[in-house]
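Student: Take a look at the following structure, please.
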Amino acid sequence: MSVNTSGRVFRFTTWGESHGPALGAVVDGCPPGLAISEAAIQPFLDARRPGQSRFTTQRQEPDAVRILSGVFGGRTTGTPISLMIENVDQRSKDYSEVALAYRPGHADYAYDAKYGFRDYRGGGRSSARETAARVAAGGVARLVIPEVAIQAYLVELGGDVIDRANFDASEVANNPFFCPDPAAAVRWEALVDGARKAGSSLGAVVECVATGVPAGWGAPLYGKLDADLAAAMMSINAVKGVEIGDGFAAARLTGEQNADRMRPGNGGGPRFLDNHAGGIAGGIATGQPVVVRVAFKPTSSILTPVETVTREGEASEIFTKGRHDPCVGIRGAPVVEAMMALTLADHKLLHRGQCGV
């Protein structure tokens, strides 16, 4: 069984391959009557679009989204919303060597082991190209949660971490790295340039914060908001780790250090003095900012030769031609935002279904 759908009430299915004629998403369960347009979704795709700087793949895709169904008179109808993005700049010939041997670190062998054959043109469904469909679906999800603001940014690239003392959210849109620390962004230019010239790649850590999430979204035990967020983030291509709040750092704290202290509020719940839990306790939102960090591995398609085997099991070496991100985590920030929006939209509707608000 192949699983290409996520969500319970607000559901989305992605379809298409990296080098197919198009890719897209079908969003189902969206409430009717919401104002929607292609122009409302396009800015999120523009943020993720390739070829915008020398630090990303030079594949030139406009990523122009088309709404094919589920909308009438500029509003959602409550029926499935189909979104399509055409692929216009594929170069399948660049993957002739990949057809013969597996790329270590990529999903080539795993897909072949499961299905008995694979789409070697850019990796097919395992390509990060698939995430464009998620970002389009995330644009619809944001319409369901207008009370929530979401921002993702890089806090680490190639092992170089930002200085939190220099954090400036307004800087995220001012550099090609979605970096809130202007000094770190300058350092990262040299890091990524060096990796690209060496025929290698780098990993990155993306942090995402959602503010305005009301207390109460989520559910205990098997419907936890943090569990669903972790699953959503882990489903992104190239993601190998997820933290909620302090994450692994919480294991190094004492009980009193890790406690999110509370004082009386001015109505509408307590005032929190800390947010080690990342805005979620017992799987339910506390009303504090929801904080998630996502670790992206280095891009597996690199020009440096790496030991591998052919499909027949013979020893070989491979390097991958073509146009690839020297750090896939850079363009991961808009994708992380989309998965945050999609998960929160689903939990808002789940909460409404049980509690009526």
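Student: Given the criterion without any contact (Cβ under 8 Å) to a residue 12 or more places away in the chain, closer than 30 Å to PRO146 by Cα and surrounded by 14 or more Cβ atoms within 10 Å (Cβ to Cβ), identify the matching residue among ASN175, ASN237, ASN266. I'd like the intermediate steps shown before the answer.
Tutor: On the way: ASN237 fails: without any contact (Cβ under 8 Å) to a residue 12 or more places away in the chain; ASN266 fails: surrounded by 14 or more Cβ atoms within 10 Å (Cβ to Cβ).
After applying the criteria, what remains is ASN175.
Student: Moving on to the next point. Does the stretch 154-170 hold any residues that are within 21 Å of the chain's Cα centre (by Cα) and over 16 Å from GLU189 (Cα atoms), and which are they? Show your work before the answer.
Tutor: Quick first cut of the stretch 154-170, residues within 21 Å of the chain's Cα centre (by Cα) only: 154-162, 169-170.
Correct list: ALA169, SER170.
Student: Out of everything in the stretch 179-198 that is outside any helix (DSSP H, G or I) and open to solvent by less than 10 Å² (accessible area, probe 1.4 Å), what residue ends up being farthest from MET339 (Cα to Cα)? Give the derivation first.
Tutor: Step one: list which residues in the stretch 179-198 are outside any helix (DSSP H, G or I), which gives 179-181, 198.
With the extra rule that they be open to solvent by less than 10 Å² (accessible area, probe 1.4 Å), the set shrinks to 179-181.
Values: CYS179: 19, PRO180: 20, ASP181: 24 Å.
Out of the qualifying residues, it is ASP181.
Student: Let me ask something else. Please determine, by comparing only the residues of the stretch 240-259 that are farther than 20 Å from GLN151 by Cα and of a type in the set (A, V, I, L, M, F, W, C), which one is most open to solvent (accessible area, probe 1.4 Å).
Tutor: Going through the stretch 240-259, the residues farther than 20 Å from GLN151 by Cα turn out to be 240, 248-259.
Right, trim to of a type in the set (A, V, I, L, M, F, W, C) and you get 248-251, 253, 259.
Numbers: PHE248: 149, ALA249: 36, ALA250: 33, ALA251: 90, LEU253: 61, ALA259: 43 Å².
Per the stated criteria, the residue is PHE248.
Student: Let me ask you something else. Taking the condition modelled with pLDDT of 95 or more, crowded, with 19+ Cβ neighbours inside 10 Å, of a type outside the set (Lys, Arg) and assigned to a helix (DSSP H, G or I), does ALA165 pass?
Tutor: Working: modelled with pLDDT of 95 or more: yes; crowded, with 19+ Cβ neighbours inside 10 Å: no; of a type outside the set (Lys, Arg): yes; assigned to a helix (DSSP H, G or I): yes.
Here the answer is no, as ALA165 does not meet what is asked.
Student: Then there is this: Any residue in the stretch 317-340 that is out of contact with any Gly (no Cβ under 9 Å at 6 or more places or on another chain), among the hydroxyl-bearing types (Ser, Thr, Tyr) and open to solvent by 20 Å² or more (accessible area, probe 1.4 Å)?
Tutor: no
Student: Within the stretch 314-334, can one find any residue that is farther than 30 Å from ARG8 by Cα, touching a residue at least 60 places away in the same chain (Cβ under 8 Å) and aromatic (Phe, Trp, Tyr)?
Tutor: Scanning the stretch 314-334 turns up at least one residue that is farther than 30 Å from ARG8 by Cα, touching a residue at least 60 places away in the same chain (Cβ under 8 Å) and aromatic (Phe, Trp, Tyr).
Student: Of THR286, THR304, which residue is in contact (Cβ under 8 Å) with a residue 60 or more places away in the chain, polar (S, T, N, Q) and surrounded by fewer than 20 Cβ atoms within 10 Å (Cβ to Cβ)?
Tutor: On the way: THR286 fails: surrounded by fewer than 20 Cβ atoms within 10 Å (Cβ to Cβ).
Of the residues listed, the single one that is in contact (Cβ under 8 Å) with a residue 60 or more places away in the chain, polar (S, T, N, Q) and surrounded by fewer than 20 Cβ atoms within 10 Å (Cβ to Cβ) is THR304.
Student: Could you check the stretch 212-234 and list, in sequence order, the residues that are surrounded by fewer than 16 Cβ atoms within 10 Å (Cβ to Cβ) and among the hydrophobic types (A, V, I, L, M, F, W, C)?
Tutor: ALA215, LEU221, ALA231, MET234
Student: A follow-up question, please. Out of (1) of a type outside the set (A, V, I, L, M); (2) open to solvent by 30 Å² or more (accessible area, probe 1.4 Å); (3) closer than 30 Å to ASN258 by Cβ; (4) out of contact with any Lys or Arg (no Cβ under 9 Å at 6 or more places or on another chain), the odd one out for GLY279 is which?
Tutor: (2)
The values are calculated or read from the model by the stated rules, or taken from the named source; none is laboratory data. None of the values given here were measured: they were computed from a predicted structure. Heads up, the Cβs are rebuilt from the backbone with ideal geometry, glycines too, and the neighbour counts pull from every protein chain shown. Note: areas computed on protein heavy atoms with side chains; ligands, DNA, RNA excluded. Shrake-Rupley method; radii C 1.70, N 1.55, O 1.52, S 1.80 Å.
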